[in-house]
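Remarks on the structure that follows.
Rule-based calculations on the coordinates, nothing more; no lab input. This is a predicted model, so every value here is computed, not measured. Methodologically, a virtual Cβ is constructed for each residue, glycine included, from the backbone with ideal geometry; neighbour enumeration extends over all protein chains shown.
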Amino acid sequence: MRQINTEQITDTVEKLCIDANYNLGDDLITSLQNALKKEESPLGKEVITQLLENAEIGKKEQVPVCQDTGFAIIFMEIGQEVALAGGNLREAVNEGIRRGYKNGLLRKSIVKNPIDRINTGDNTPAVIHTDIVPGDKLKIIFDAKGGGCENMSRSAMLTPAQGREGVINFVVDTVSRAGANPCPPIIVGVGLGGTFDYSTLLAKKAILRPVGSHNEDKTIADLEKELLEKINKLGIGPQGLGGRTTALAVQVEAYPCHIASLPVAVNIECHSHRTKSIVI
């Protein structure tokens, strides 16, 4: 049994908050560079060029790449041979968020109650998902989820008879309705199967994969490719100004479901895709 102190978790989460908001991932940068080469619209090309310049400024100046520094989403894969010591895990994570958003000079965007909407002042609490996995390691995945793109997400309980075409129509319609609101070019995460709640979690997990990666299941990978093609034919384009690059990627995660249901969820991520992970 390997022991990990929760103070180490706090320190790690603090670093992830700052790193993710300052330094966009190489996978995203590569996707934007590839999109720039393919984009035919002059306005679209100009927007993508500016997004790449903005990413470079964030990295060079060590400042947030976007003013919306996001809701802190944490996925933790905890090895079953890990023993946590030193304090409460949830509080350790939230303390890391507090320190990261304070020391990184990141905007605090979380309200304590959805009705009275008083800001918590430190960007906590985080949304925390935990999985128990084999081994003696602990992996922490951080995602700074902006409000504009999150607001454009949808879920539905389709009937099995609607099938593949029903899924395609729902996903493409969701992106079409979103238009320019989620700051395209976007990453489209799709959760397919499971239950009402689990499909939405799958959609969130899907956007955390490397940008442009494909599902290992060929049936699902083919679905990803067709969805990306149809979405980019919408012509929304970078920042909604027209063009062929509405989405950089469509990434689908699937799970078995009940014979009577076909759950599908779409979680949209903006071009400012800020996710980082560390294994301790």
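Considering only Cα-Cα distances, which of the following residue pairs are longer than 28 Å: Lys45/Lys225; Lys37/Lys108; Lys38/Lys102?
Exceeds cut-off: Lys37/Lys108; Lys38/Lys102.
Given the peptides 123-136, 178-191, 87-100, 40-53, arrange them by the average over their residues of other C-beta atoms within 10 Å, most packed first.
Highest-to-lowest ranking by the protection proxy: 178-191, 87-100, 40-53, 123-136.
Take the Cβ-Cβ distance between Asn169 and Lys102 as r, set R0 to 41 Å, and report the resulting FRET efficiency rounded to the nearest 0.05.
Working: r = 45 Å, r/R0 = 1.09.
Taking R0 as 41 Å, the efficiency between Asn169 and Lys102 is 0.35.
222 nm [θ] for the chain, helices only, -39500 (n - 2.57) per DSSP H run of 4+, per residue, to 500?
Working: 8 runs with 111 residues, N = 280.
Using -39500 (n - 2.57) per qualifying helix, the result is -13000 deg cm²/dmol.
Please enumerate, by chain and number, the lysines with C-alpha under 26 Å from the C-alpha of Lys137, excluding those fewer than 8 residues away in the same chain.
List returned: Lys15, Lys145, Lys204, Lys205, Lys276.
Quick one: which residues, 5 or more positions from Ala126 or on another chain, have an amide H under 5 Å from its amide H? H modelled 1.01 Å from N in the peptide plane, none for Pro or chain starts.
Correct list: empty.
Testing the spin-label approximation: label points 7 Å from Cα along Cα→Cβ at Lys59 and Ala161. State their distance in nm.
Spacing of the two 7 Å Cα→Cβ label points: 5.2 nm.
Restricting to Cα pairs below 8 Å that are 6+ residues apart, what does the relative contact order work out to for segment 148-272? Please round to a whole percent.
44
What list of ³J(HN,Hα) values in whole Hz, one per residue of segment 188-195 in order, does the Karplus curve 6.51 cos²θ - 1.76 cosθ + 1.60 (θ = phi - 60°) give from phi, with Gly and Pro shown as x?
9, x, 10, x, 10, x, x, 10
So for the chain, averaging the separation of alpha carbon pairs under 8 Å that are six or more residues apart and normalising by length, what relative contact order in percent results?
The normalised contact order for the chain reaches 26 percent.
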